[in-house]
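The values are calculated or read from the model by the stated rules, or taken from the named source; none is laboratory data. Since the structure is predicted, the reported quantities are computational estimates derived from the model, not experimental observations. Glycine gets a Cβ as well: all are built from the backbone with ideal geometry, and neighbour counts include every protein chain shown. All accessible areas refer to the heavy atoms of the entire protein, side chains included, with ligands and DNA or RNA removed. Shrake-Rupley method; radii C 1.70, N 1.55, O 1.52, S 1.80 Å.
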Protein chains: 2
Amino acid sequence: MADTDSKDRAGRVTKVRTLADLAKIAGVSPGTVSRALAGNSLVNTKTREKIEAIAREHGFRPNQMASKLRRQKTGVIGIAIPLGHDVRQKISDAFFMTLLGHLAAELTEKGYDLMLRRVIPAQDEDWLDRFIGSGMVDGVIVIGQSDQFERIEEVADGYLPMVVWGNHQEGQRHCVVGTNNRLGGKLAAERLIASGVKEIAFLGDTQAIEFAARFAGAKEVAEKMGVRIRVLPTHLSPERTGEEIAEHLREIEGKVDGIFAATDTIAVTCLKEIRERGIDVPRQLKVVGFDDLPISSQTAPPLTTVRQDIAAGAKGLVDLLLRRLAGDDTESLVLPPHLIIRETA
Amino acid sequence: MADTDSKDRAGRVTKVRTLADLAKIAGVSPGTVSRALAGNSLVNTKTREKIEAIAREHGFRPNQMASKLRRQKTGVIGIAIPLGHDVRQKISDAFFMTLLGHLAAELTEKGYDLMLRRVIPAQDEDWLDRFIGSGMVDGVIVIGQSDQFERIEEVADGYLPMVVWGNHQEGQRHCVVGTNNRLGGKLAAERLIASGVKEIAFLGDTQAIEFAARFAGAKEVAEKMGVRIRVLPTHLSPERTGEEIAEHLREIEGKVDGIFAATDTIAVTCLKEIRERGIDVPRQLKVVGFDDLPISSQTAPPLTTVRQDIAAGAKGLVDLLLRRLAGDDTESLVLPPHLIIRETA
DNA sequence: CGCGCAATTGCAATCGTTTGCAATTTTGCT
DNA sequence: AGCAAAATTGCAAACGATTGCAATTGCGCG
């Protein structure tokens, strides 16, 4: 508030490391200091102010480890990012990162810290139990089910404070927040077909459960409308994707007139490859993406895509987790996707 | 090793929460259990195996809080992201997120966890002391100096295990890892001028120290070569940037023939606005960015930019921090930028 | 069989805070 | 002034794992 260098300008000679040290200086007991610094307790205002002053003067902060140990809660939420095979990719994936950014904002606002952990399930069987059982976090948010659906289910049976970002399956036991991927897939296919597309290619890896759902939705619509649709497996590693897509394009050229990309990242790369082949979008080939990342409005031409509301997703994850921390057994939250029409379809 | 359901198949009825519980079952003392689980200690192989078996059977994990308290180290590295004014923006900024992704990979590999904390210095005077003094982290990496240069300097005087991503100033006291921004700025300007540019506009906020250095480098070259250069303040919040840039473009149209964007994010938005105004890149207007984000090769036309080696930066941050944890007082690390020539200049 | 040394194990203090309970001081009221 | 009730404060036991030191056990060998 006022001046900082008032009396103790000799620096940090006096080292006050513990409540007890501080208590000695203040002439009270450690318990009182603890209560005083905790703020709202039942300690005399005058005493509190004196203690606070001394604490400030010495730059004292109570040791969090001790505090957490004693109180049996950490104020930390664990964020686990399971990396399936694409080991180096996913954590720098634009979608996950954006989600993480929003999570950080939400959790910080609620007074929680985030502990981030990249896990490689293939190398570490019980990554989830380890994270949970370590006593380092009060709850866990798992970003992406990867290929760990079963393991997550098992853990969910005995551990309440966990929420997962991902796809919702009929009858699953773990609490998930995510977009209705199937519906999103339908929207994409409908748009392509409404734009006159006669044959669709889906670019994505249908082993990932979300992508499979997106494809399933598109397929349903396509079949109903008598439009052919095929899958062209496409991965997400920044290096390989470009080539993979180029190859696909060579293969489908002239046969397919609509592309549904499992991800905006794929769509963006795809647009670039298409441009290089001199194909006109949307005249000759129409493209719809999925996610609506910030970049997607910046492409040439701007990408038509299915929007996932990432901010709402983050808020949902945090809200549900907090309710679970309070003992509620919450339902999953499935968010509606929105078709964003720009210029590629 | 062998079968898991050998004797205690009654499930999780017996709850083993502490070393002591486990010790009782194993018929040894808690100390022995601790040593056994720690692995390398001086406990009899047979005993160890027995204890490990019981631990596995009951899914027991030693409480980390207690462990950390006792050992006075946490195995956690704090990552602080100071947000200047653009409160919601920076943490989802592509550059920071990419860096964070690489940091996560590096730190995980070295056996550390990451604790992520968004801080808003304006709302929280002593964010850094709080983070450090909390006893929750063994060391801190600060991502971006924001407008907190002075505060970081102060803290660095009394706290060794801290490394900062940012710009290096002559004679600064804190250990920093970052790109040589001034040199990067020179490279950008040289390229623009070599492409025939006669007047340059720098798009960026020179209040940010890194950006100021980039501009300074460009300015030096421009002045030497007799080319005019001006600053057009541009922020990074996703919403405002587009409009700001549009306005700038209106203002400079016809006068300026080269743009140096402080950031690829700005450059990408810029390219889009330019396209919408029907200006030809690179014929009428040349553009150089900074960062070389993954998207930058995907724009139309692909962006010429100054590359920061993010992976090397992350590795540098982690290496230096680990050496500081070991007691070394390390020097700063300044990485060379690389001009990546694509099609916009 | 007994001694000495090495290999294991147990004991108990410690890390620094929090908090129920009891002790003490204040306050309010007659 | 006297006494009950309320407001503060102190005491000491947790929280759960680690680790120096001492005690025990086991082993080799004369």
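Just wondering, is there one or more residues in the range A:136-155 that are open to solvent by 60 Å² or more (accessible area, probe 1.4 Å) and under 30 Å from A:MET65 (Cβ atoms)? Yes, that holds for at least one residue.
Okay, residues lined up against (1) in contact with a helix residue (DSSP H, G or I) (Cβ under 7 Å, 6 or more places away or on another chain); (2) open to solvent by less than 40 Å² (accessible area, probe 1.4 Å); (3) at pLDDT 90 or above:
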| site | (1), (2), (3) |
| --- | --- |
| B:PHE131 | no, yes, no |
| B:LEU160 | yes, no, no |
| B:ASN167 | yes, yes, yes |
| B:THR179 | no, yes, yes |
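Among residues of the range B:200-221 that are in the same structural domain as B:GLY185 (by TED's automatic domain parsing), those with a beta-carbon under 7 Å from a residue that is surrounded by fewer than 23 Cβ atoms within 10 Å (Cβ to Cβ) and small (Gly, Ala, Ser) at least six positions away or on a different chain give the pairs B:THR206/B:ALA212. Note on the range A:30-52: residues that are within 21 Å of B:GLY135 (Cα to Cα) and away from DNA strand C (no atom under 11 Å from the Cβ) amount to 2. The set of residues from the range B:214-243 being modelled with pLDDT under 95 and assigned to a helix (DSSP H, G or I) comprises B:PRO238, B:GLU239, B:ARG240, B:THR241, B:GLY242, B:GLU243. Note on the range B:11-37: residues that are open to solvent by 60 Å² or more (accessible area, probe 1.4 Å), at pLDDT 90 or above and of a type in the set (A, V, I, L, M) total 1.
Please find, among A:ALA105, A:ALA122, A:ALA189, the residue that is at negative phi, more than 16 Å from DNA strand D (Cβ to nearest atom) and at pLDDT 90 or above.
Values: A:ALA105 fails: at pLDDT 90 or above; A:ALA122 fails: at pLDDT 90 or above.
The match here is A:ALA189.
Can you find even one residue in the range B:237-255 that is of a type in the set (S, T, N, Q), within 13 Å of chain A (Cβ to nearest Cβ) and surrounded by fewer than 17 Cβ atoms within 10 Å (Cβ to Cβ)? The answer is yes, given that some residue of the range B:237-255 is of a type in the set (S, T, N, Q), within 13 Å of chain A (Cβ to nearest Cβ) and surrounded by fewer than 17 Cβ atoms within 10 Å (Cβ to Cβ). Scanning the range A:297-321 for residues that are within 13 Å of chain B (Cβ to nearest Cβ), surrounded by 23 or more Cβ atoms within 10 Å (Cβ to Cβ) and in a helix (DSSP H, G or I) yields A:ILE310, A:ALA314. Residue check: A:GLN72 meets all listed conditions (1) surrounded by 16 or more Cβ atoms within 10 Å (Cβ to Cβ); (2) at pLDDT 90 or above but one, namely (1).
For beta carbons closer than 8 Å, sequence separation of 6+ or different chains, a first residue in the range B:40-53 that is farther than 9 Å from B:VAL28 by Cβ and more than 10 Å from DNA strand D (Cβ to nearest atom) and a second that is open to solvent by 40 Å² or more (accessible area, probe 1.4 Å) and modelled with pLDDT of 90 or more, the qualifying pairs are B:GLU52/B:LEU37.
Highlighted here are the helices (runs of 4 or more DSSP H) found entirely within the range A:20-131 that include at least 1 residues which are among the basic types (Lys, Arg) and away from every other protein chain (no Cβ under 14 Å): A:30-38, A:45-58.
Those residues that are within 16 Å of the chain's Cα centre (by Cα) and closer than 20 Å to B:GLU210 by Cα, I need them from the range B:119-146; list them, please. Correct list: B:VAL119, B:ILE141, B:VAL142, B:ILE143, B:GLY144, B:GLN145, B:SER146. Apart from one condition, A:GLN89 fits all of (1) under 30 Å from B:PRO294 (Cβ atoms); (2) at pLDDT 90 or above; the exception is (2). A single member of B:VAL155, B:VAL140 is in contact with a Leu (Cβ under 7 Å, 6 or more places away or on another chain) and under 20 Å from A:PRO62 (Cβ atoms), and it is B:VAL155.
Would you check which residues across the range B:280-296 are open to solvent by 30 Å² or more (accessible area, probe 1.4 Å), more than 21 Å from B:GLY166 (Cα to Cα), of a type outside the set (Asp, Glu) and at pLDDT below 95 and list them? Can you show your working first?
First pass over the range B:280-296, keeping only residues open to solvent by 30 Å² or more (accessible area, probe 1.4 Å): B:280, B:282-284, B:286, B:294-295.
Subset that is more than 21 Å from B:GLY166 (Cα to Cα): B:280, B:282-284, B:286, B:295.
Narrowing further to those that are of a type outside the set (Asp, Glu): B:282-284, B:286, B:295.
Once the filter is applied, which keeps residues that are open to solvent by 30 Å² or more (accessible area, probe 1.4 Å), more than 21 Å from B:GLY166 (Cα to Cα), of a type outside the set (Asp, Glu) and at pLDDT below 95, the range B:280-296 yields B:PRO282, B:ARG283, B:GLN284, B:ILE295.
Restricting attention to the range B:46-56, and to residues there that are surrounded by fewer than 18 Cβ atoms within 10 Å (Cβ to Cβ) and not β-branched (Val, Ile, Thr), which single residue is nearest to A:ASP126 (Cα to Cα)?
Once the filter is applied, the top-ranked residue is B:ARG56.
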